[in-house]
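The values are calculated or read from the model by the stated rules, or taken from the named source; none is laboratory data. For clarity, every value in this text was computed on a predicted model and none was experimentally measured. Don't worry about glycine lacking a Cβ; one is built from the backbone with ideal geometry, like all the others, and counts go over all protein chains shown.
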Ligand code: SAH
């Protein structure tokens, strides 16, 4: 049999909610009668939502698919500043629970017709009188439309306790508005055949309720409310976000190490005429030759950026050091193993790499962050990152020469800069 609606009616109902979310950008969304979390799974991609909650009386339905709400690998690999917490509860819409109060949007899609009329009264009181969300979307079958549904005898679902005509739905909606201080717009999804639309309305009727009086109205209820917790938490997940300092540090460190290494290689190639082994770097990062060619444009852009940064780094170092020497050696003066280092000024890293500047906020924040990183070597004054170039044995003459260099150099003792007693800026407060 040909499907009657394209897209399918349940998809159109969910799309109606998604369109509303796109327009109104609610931060806290609660889906009542969430069943197998189909709507929640679509809503989680709307990252202006910070708290997404589902409630259903049937815990087994929730548990079937709830793990599909977990973050996917890109959420961990490329976390954004968006914050998202998802919670799923088992419980009845006829009972109160203080954790679900104060939401921006509550949805009830094809739920109320599963309740007895007495429970619909409780639903109204709980949702509109106690949870008091700013907006509520309620969808329910429109029985005026039923004659157009081929082969339908009785209700559309065996568990339905009633199916309202448009007049009945309107009467309930108006009563709720009067009693709890809302206004409603009646609409729907699933068009009737041409010529019948006025007479029968939509297949699924939808009421979009808005609370009158904005936030103040909610606060009035809030003060008098008792804290009731009647639902059971079944699932809770917090998505990785750059608001989490540990995650921010990890992402920033990856960027810093990547760019510092890239700048070092570019600069060495320019100064020494050695081969620029950017290709090797890409290989090391798991970008094969084919992949490198496929993303040539991206690599080109990155190369241009690195080249520009390299030039800037050189200028800065030339300004700082009279002879503009590229390599500094460090290690214990009596050791026969010396490390050749490349100094990458933090100011260069900060201004050449947009993500580093955005994530750290300022050069001094970047310095404070790097001081705490065990794998990072900073110059004595903390102004540059020292990257090992290669380990090599030095003959006595070389050693003498470079020991003299080191004594005059700001990098004489290459080590992690001790945290200063009074940092210039509060790194935590600046990001
Ligand atoms: N909203 C979903 C599913 C609708 S089916 C969708 O759009 O596809 C109705 C759902 O309401 C079922 O999962 C059922 O378990 C749930 N339900 C029924 N009575 C309930 C109650 N008193 N409290 C909470 N959920 C209830």
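Residues in the range 74-81: is at least one in a helix (DSSP H, G or I), modelled with pLDDT of 95 or more, surrounded by fewer than 18 Cβ atoms within 10 Å (Cβ to Cβ) and under 19 Å from the mean Cα position of the chain (by Cα)?
no
May I ask you to verify whether residue 94 is at pLDDT 95 or above, part of a strand (DSSP E or B) and in contact with a helix residue (DSSP H, G or I) (Cβ under 9 Å, 6 or more places away or on another chain)?
no
State yes or no: is residue 61 within 11 Å of the ligand (Cβ to nearest atom) and either closer than 28 Å to residue 113 by Cα or within 13 Å of the chain's Cα centre (by Cα) (or both)?
Here the answer is yes, as residue 61 does meet what is asked.
Condition first: within 15 Å of the ligand (Cβ to nearest atom), within 24 Å of residue 189 (Cα to Cα) and assigned to a loop (DSSP other than H, G, I, E, B). Now tell me which residues in the range 97-115 satisfy that.
Matches in the range 97-115: 110, 111, 115.
Every residue, every condition in (1) closer than 21 Å to residue 188 by Cα; (2) away from the ligand (no atom under 11 Å from the Cβ); (3) touching a helix residue (DSSP H, G or I) at 6+ places or on another chain (Cβ under 8 Å), yes or no:
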{"position": "119", "(1), (2), (3)": "no, no, no"}
{"position": "124", "(1), (2), (3)": "yes, yes, yes"}
{"position": "144", "(1), (2), (3)": "yes, yes, yes"}
{"position": "153", "(1), (2), (3)": "no, yes, no"}
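Show me the helices (runs of 4 or more DSSP H) entirely contained within the range 237-310 in which 2 or more residues are closer than 16 Å to residue 353 by Cα, at pLDDT 85 or above and touching a helix residue (DSSP H, G or I) at 6+ places or on another chain (Cβ under 9 Å).
Passing ranges, in order: 245-272.
Among 185, 198, which is loosely packed, with under 15 Cβ neighbours inside 10 Å, without any contact (Cβ under 8 Å) to a residue 60 or more places away in the chain and outside any helix (DSSP H, G or I)?
One residue alone meets the criteria, 185.
For residue 78, state whether it is under 26 Å from residue 205 (Cα atoms) and either more than 13 Å from the ligand (Cβ to nearest atom) or touching a helix residue (DSSP H, G or I) at 6+ places or on another chain (Cβ under 9 Å) (or both).
no
How many of the residues in the range 26-55 are within 13 Å of residue 106 (Cα to Cα) and either part of a loop (DSSP other than H, G, I, E, B) or within 15 Å of the ligand (Cβ to nearest atom) (or both)?
16
Among what's in the range 126-142 and is assigned to a helix (DSSP H, G or I) and touching a helix residue (DSSP H, G or I) at 6+ places or on another chain (Cβ under 6 Å), pick the residue that is nearest to residue 191 (Cα to Cα).
Top of the filtered list is 128.
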